[in-house]
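The next block holds one structure in the form of structure tokens; read it before the comments.
The values are calculated or read from the model by the stated rules, or taken from the named source; none is laboratory data. A quick note: this is a predicted structure, and the numbers were derived from the prediction, not measured. Note: ideal-geometry Cβ built from the backbone for every residue, glycine included; neighbour counts use all protein chains shown.
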Amino acid sequence: MSDQLLEKAARYVREAKRVVVFTGAGVSAESGVPTFRGGGNTAVWRGMPATELSSAELLERDAVTVWEWFEYRRGILAGLSPNPAHYALAEAEKRYDEFLLVTQNVDGLHQRAGSTKIIELHGNIWRGRPFGSSKTVPLPDTPLPEIPPKGPNGEVLRPDVVLFGEMLPAGAFEEAATVAASCDVCLVVGTSALVYPAARIPEIAGQAGAAVIEINPEETRFSDFADVSLRGPAGEIVPKLFGK
Ligand code: BV8
């Protein structure tokens with residue numbers, strides 16, 4: 001990645017008043033969190049791809065297997081920490097009048113790094129909720145005492161995560177889209193931009209005139225749409241973008 005490109009992106013970031021950051025699994029890769037599709041492979045567990053394991057259909061048919069898949073990931077996550085990209089984004093939110101972090105990730109690493117102005121489009125792996133309810137229950141400890149876990153009144157819980165084939169949390173997409181439509185700069189960090197409707201967020205920002213800056217070691221379907229596409233790892237580039 002050339003210094004000129006980095007400087008061009010850093011100037012957009014320096015001069016911005018309203019910043020939206022859109023993150024995917026790649027921002028957590030350097031923390032050791034496996035991505036869904038990066039590096040050409042897809043996350044497969046017990047012979048099933050993530051799109052099947054994290055699906056409304058499987059939850060309906062076999063909630064125990066879905067919970068075992070989430071517990072497997074929670075077990076990996078429990079030993080991991082935020083990386084410099086998470087920390088730089090948490091720091092950055094204090095510098096702008098308007099700053100919003102929109103994440104597709106469910107790992108909670110942005111919050112652990114200190115981010116507070118955040119919308120989790122796909123929920124959070126450290127929470128559960130009763131089926132058909134939006135009343136969430138924290139599930140901070142892994143392994144869970146029982147699978148499926150129960151809420152305080154004994155109700156069976158499902159992961160508080162948006163599965164494939166499910167609607168996003170009420171209002172989450174709309175709020176993110178509204179902010180994206182009026183930002184100056186939209187950073188797109190570590191996403192293959194394949195999952196909808198989430199992938200609409202940076203599209204909305206770009207179509208509304210924001211400068212779109214992509215950070216990804218690989219080219220994505222987004223790279224040509226971006227004003228600047230920085231080829232490299234988030235943990236290295238994001239801190240530089242914010243002048244660390
Ligand atoms: C819905 C929670 C409607 C679960 C997730 C055909 C075409 C278009 C759409 C569809 C279609 N068929 C079905 C759909 C809809 C579907 C969808 O988009 N499918 C995709 C796969 C085609 N979407 C849905 O089902 C959504 N709901 O549409 O509802 C509806 C209408 C009416 C009634 C009911 C429903 C819900 C989608 C939400 C799914 N849940 N997560 C879980 O975590 O288990 S999505 C899941 O994928 C994760 O959240 C993940 O973040 C997300 C997107 O992936 P990425 O984050 O981009 O990760 P990925 O691995 O793909 O890429 C990583 C990138 O990082 C790579 O580019 C790599 O190069 C880069 N990278 C690697 N290392 C680094 C790095 N970058 C920077 N630094 C590094 N070091």
- request: Just name the residue that is farthest from the ligand (Cβ to nearest atom) out of those in the stretch 213-236 that are surrounded by 23 or more Cβ atoms within 10 Å (Cβ to Cβ) and closer than 19 Å to V102 by Cα.
  value: I213
Check on A180, surrounded by 15 or more Cβ atoms within 10 Å (Cβ to Cβ), under 26 Å from K8 (Cβ atoms) and away from the ligand (no atom under 16 Å from the Cβ): yes
statement: Restricting attention to the stretch 111-129, the residues that are under 19 Å from A78 (Cα atoms) and more than 14 Å from the ligand (Cβ to nearest atom) number exactly 5
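Specify which of the listed residues (V19, V27) is farther than 30 Å from F131 by Cβ, aliphatic (A, V, I, L, M) and in a strand (DSSP E or B).
None of the others qualify; the one that does is V19.
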message: What's the total number of residues in the stretch 93-122 that are surrounded by fewer than 22 Cβ atoms within 10 Å (Cβ to Cβ) and without any contact (Cβ under 8 Å) to a residue 60 or more places away in the chain?
response: 11
message: Going by what's in this entry, would V64 be described as modelled with pLDDT of 95 or more, in contact with a strand residue (DSSP E or B) (Cβ under 6 Å, 6 or more places away or on another chain) and either more than 12 Å from the ligand (Cβ to nearest atom) or among the β-branched types (V, I, T) (or both)?
response: no
task: Take the stretch 67-92 and flag every residue that is in contact (Cβ under 8 Å) with a residue 60 or more places away in the chain, in a helix (DSSP H, G or I) and within 9 Å of the ligand (Cβ to nearest atom).
output: F70, A85
query: So which residues in the stretch 1-16 are part of a helix (DSSP H, G or I), in contact with a helix residue (DSSP H, G or I) (Cβ under 8 Å, 6 or more places away or on another chain) and farther than 18 Å from C183 by Cα, if there are any at all?
result: L6
message: For the condition within 12 Å of the ligand (Cβ to nearest atom) and small (G, A, S), what is the one hit in G108, G132?
response: G108
task: List every residue pair whose Cβ atoms sit under 9 Å apart, with the two residues 6 or more apart in sequence or on different chains, where the first one lies in the stretch 218-244 and is closer than 17 Å to S31 by Cβ and the second, anywhere, is exposed (fewer than 15 other Cβ atoms within 10 Å of the Cβ).
output: V238/K244
message: within 14 Å of the ligand (Cβ to nearest atom) and in contact with a strand residue (DSSP E or B) (Cβ under 7 Å, 6 or more places away or on another chain): which single residue out of L139, L163, L241 fits that description?
response: L163
message: Checking the structure you have, find out if any residue of the stretch 35-53 is away from the ligand (no atom under 11 Å from the Cβ), at positive phi and touching a helix residue (DSSP H, G or I) at 6+ places or on another chain (Cβ under 8 Å).
response: yes
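Tally time: how many residues in the stretch 199-214 are within 22 Å of L6 (Cα to Cα) and in contact (Cβ under 8 Å) with a residue 60 or more places away in the chain? Full working, then the answer.
At the first step, the residues of the stretch 199-214 found to be within 22 Å of L6 (Cα to Cα) are 202-203, 205-206, 209-214.
Add one more test, that the residue is in contact (Cβ under 8 Å) with a residue 60 or more places away in the chain, and what stays is 202, 205, 210-211, 213.
Final tally of qualifying residues: 5.
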field: Selection within the stretch 189-206 - among the aliphatic types (A, V, I, L, M), closer than 21 Å to P169 by Cα and within 10 Å of the ligand (Cβ to nearest atom)
entry: A193, L194, V195, A198, A199
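Taking the stretch 1-28 on its own, how many of its residues are within 15 Å of the ligand (Cβ to nearest atom) and under 27 Å from E175 (Cβ atoms)?
First, the residues of the stretch 1-28 that are within 15 Å of the ligand (Cβ to nearest atom): 1, 6, 9, 21-28.
From what's left, under 27 Å from E175 (Cβ atoms): 9, 21-28.
Count: 9.
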